[in-house]
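Reading through the structure tokens given below for one structure.
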Amino acid sequence: MKKYVGSLIAIMLFNLIGLAQGPPIILDKIILLGSNSFTARTLTEYRNTERGDFVYTPFSLSYLPTSNTTFTVDVPFINYDFESGSSGSSLADIRLTGKYQFYQKNATGKTFRILIKTEQTLPTGESLDLIGLSTGLYQGYYGILGGYESLKFGITSELGYNWIPDGTLDHLRYKLGFGLPLLKPQFPNKQINLYFEYSSFWIFERDWYQLLYAQGIQYAGKDYTIELSAQIPIVNDVDADRELNYSLFIGGRYTF
Amino acid sequence: MKTKIIIMLILGLVSVSTIQAQKQRDDFKIQVDGLGCPFCAYGLEKKFKEFKGIKNVAIDIETGDFTFTFPSDKKLTLLQVKTQVEEAGYTPVTIKITRANGEIEVSEKEKE
């Protein structure tokens, strides 16, 4: 228990001194596009674990009816290949996300924003007990998301609680992302960003804790991004046959 | 000789109409706060493209200077510009409009 709390405090403290920039790859982003805009996105994950290999491909569409509200629908598909022998493909858990930005402070070349966020996961996937991918269970996530972005650095962090009616997968989630622009800011945009993203999950009933680190790179054009990331565990305190070895992500987004 | 005169007349007319067309556009200069990343500046441009007829859009990410021109007969106002910047999710600090007839309109902060 002390170890989990220690890790959470450590990354929260790191949050205070970290530097970064740009829309994150694995983490959610603060709202920075205007009202009446859409973003289509996909971020395919190849997840290699002791239990098997999984390919998760979500198709997301976000809509901003106002400058401080966004709604997203994720329709994901999964291909699974368990070590135990079973394999297949199916629709995974569809996810509906809403975000509301309630605080914003702007200055020249920088912005700080805080949002509340909810994710409603629908039990459309198979019961594969793949947390975050396909569980076949209804889940409700409630969190707070904050971000500071400037032309030189920025931070994105998120803290939230995932609730399930039977309590089996209730967990606390904390994420923290840093980025680094490699090119001078220009408009129309042409940018290469590096990302350093931490994700941690504490599943109470199973007493599982994972702290994952992802290293990513993103090319951002005027209205699109292309991104790659590799994720490895730093703390992998779960059952031995469920340990994550690594995940690879590839995707992109287009705003219109 | 006759052909030369006709060509010169045509060229003259074209340049006059071009100058006329340029004069019929208002110039807008806005200082925008909150442009924290170049990718996000697209949101500002996209929001203003809702104004049909907007041209010469330029954004200096580092200074927050946002400039464009707009047909003067459509009389885009300071308030409309301010609202549009806010709906893009940013803060308009100062707004300056130079009308085609030479008149200058500025937001309150610009006057200070």
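B:Lys4 - would you say it is within 14 Å of another protein chain (Cβ to nearest Cβ) and either assigned to a helix (DSSP H, G or I) or modelled with pLDDT of 95 or more (or both)? So B:Lys4 fails the test. Only residues that are on the phi < 0 side of the Ramachandran plot and open to solvent by 50 Å² or more (accessible area, probe 1.4 Å) were counted in region A:76-88, giving 7. Could you pull out the residue among A:Tyr161, A:Tyr219, A:Tyr224 that is surrounded by fewer than 21 Cβ atoms within 10 Å (Cβ to Cβ), in contact with a Phe, Trp or Tyr (Cβ under 8 Å, 6 or more places away or on another chain) and within 12 Å of another protein chain (Cβ to nearest Cβ)? After ruling out the rest, the residue left standing is A:Tyr224.
Restricting region A:173-194 to residues that are modelled with pLDDT of 95 or more and in contact with a helix residue (DSSP H, G or I) (Cβ under 8 Å, 6 or more places away or on another chain), the residue that is nearest to A:Ala220 (Cα to Cα) is A:Leu176. Of the conditions (1) in contact with a strand residue (DSSP E or B) (Cβ under 6 Å, 6 or more places away or on another chain); (2) over 27 Å from A:Ser35 (Cβ atoms), A:Ala240 fails just one. Which one is it? Unmet for A:Ala240, out of (1) in contact with a strand residue (DSSP E or B) (Cβ under 6 Å, 6 or more places away or on another chain); (2) over 27 Å from A:Ser35 (Cβ atoms): (1).
Take the residues in region B:66-83 that are of a type in the set (Val, Ile, Thr) and within 14 Å of chain A (Cβ to nearest Cβ); name whichever of them is nearest to the chain's Cα centre (by Cα). Of everything passing the filter in region B:66-83, B:Thr67 is nearest to the chain's Cα centre (by Cα).
Flag: A:Ser134 does not match the condition of being without any contact (Cβ under 8 Å) to a residue 40 or more places away in the chain and over 28 Å from B:Gly43 (Cβ atoms). Considering the conditions (1) touching a Lys or Arg at 6+ places or on another chain (Cβ under 9 Å); (2) modelled with pLDDT under 95, A:Leu122 is excluded by exactly one of them, (2). Scanning region B:84-93 for any residue that is in contact with a strand residue (DSSP E or B) (Cβ under 6 Å, 6 or more places away or on another chain), within 12 Å of another protein chain (Cβ to nearest Cβ), part of a loop (DSSP other than H, G, I, E, B) and at pLDDT below 95 turns up at least one such residue.
Residue-level analysis places A:Ile192 outside the set of residues that are under 20 Å from A:Ile25 (Cβ atoms) and either more than 14 Å from chain B (Cβ to nearest Cβ) or among the aromatic types (Phe, Trp, Tyr) (or both).
Of the residues making up region A:100-137, those that are open to solvent by less than 20 Å² (accessible area, probe 1.4 Å) and within 14 Å of chain B (Cβ to nearest Cβ) are A:Gln101, A:Gly109, A:Thr111, A:Arg113, A:Leu115.
Only one residue in B:Ile59, B:Ile97 is among the aliphatic types (A, V, I, L, M) and either in a helix (DSSP H, G or I) or under 22 Å from A:Phe256 (Cα atoms) (or both), so which one is that? When all the criteria are applied, what remains is B:Ile59. Scanning region A:177-226 for residues that are over 17 Å from A:Asn162 (Cβ atoms) and among the basic types (Lys, Arg) turns up A:Lys184, A:Lys190, A:Lys222. Residue pairs whose Cβ atoms lie under 6 Å apart, separated by 6 or more positions or on different chains, with the first residue in region A:28-57 and within 14 Å of chain B (Cβ to nearest Cβ) and the second open to solvent by 20 Å² or more (accessible area, probe 1.4 Å) and at pLDDT 95 or above, are A:Phe38/A:Tyr63; A:Thr39/A:Ser62; A:Arg41/A:Ser60. Checking each residue of region A:60-80 against the condition of being among the charged types (D, E, K, R) and outside any strand (DSSP E or B) gives no match.
Yes/no matrix, rows are residues, columns are (1) surrounded by 19 or more Cβ atoms within 10 Å (Cβ to Cβ); (2) away from chain A (no Cβ under 13 Å); (3) under 12 Å from the mean Cα position of the chain (by Cα); (4) not aliphatic (A, V, I, L, M):
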| residue | (1), (2), (3), (4) |
| --- | --- |
| B:Asp27 | no, yes, yes, yes |
| B:Leu35 | yes, no, no, no |
| B:Phe48 | yes, no, yes, yes |
| B:Val57 | no, no, yes, no |
| B:Ile61 | yes, no, no, no |
| B:Gly64 | yes, no, no, yes |
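The values are calculated or read from the model by the stated rules, or taken from the named source; none is laboratory data. Just so you know, these numbers come straight off a predicted model, no measurement behind them. As a convention, Cβ positions derive from the backbone with ideal geometry for all residues, glycine included, and neighbour counts pool all protein chains shown. Note: areas computed on protein heavy atoms with side chains; ligands, DNA, RNA excluded. Shrake-Rupley method; radii C 1.70, N 1.55, O 1.52, S 1.80 Å.
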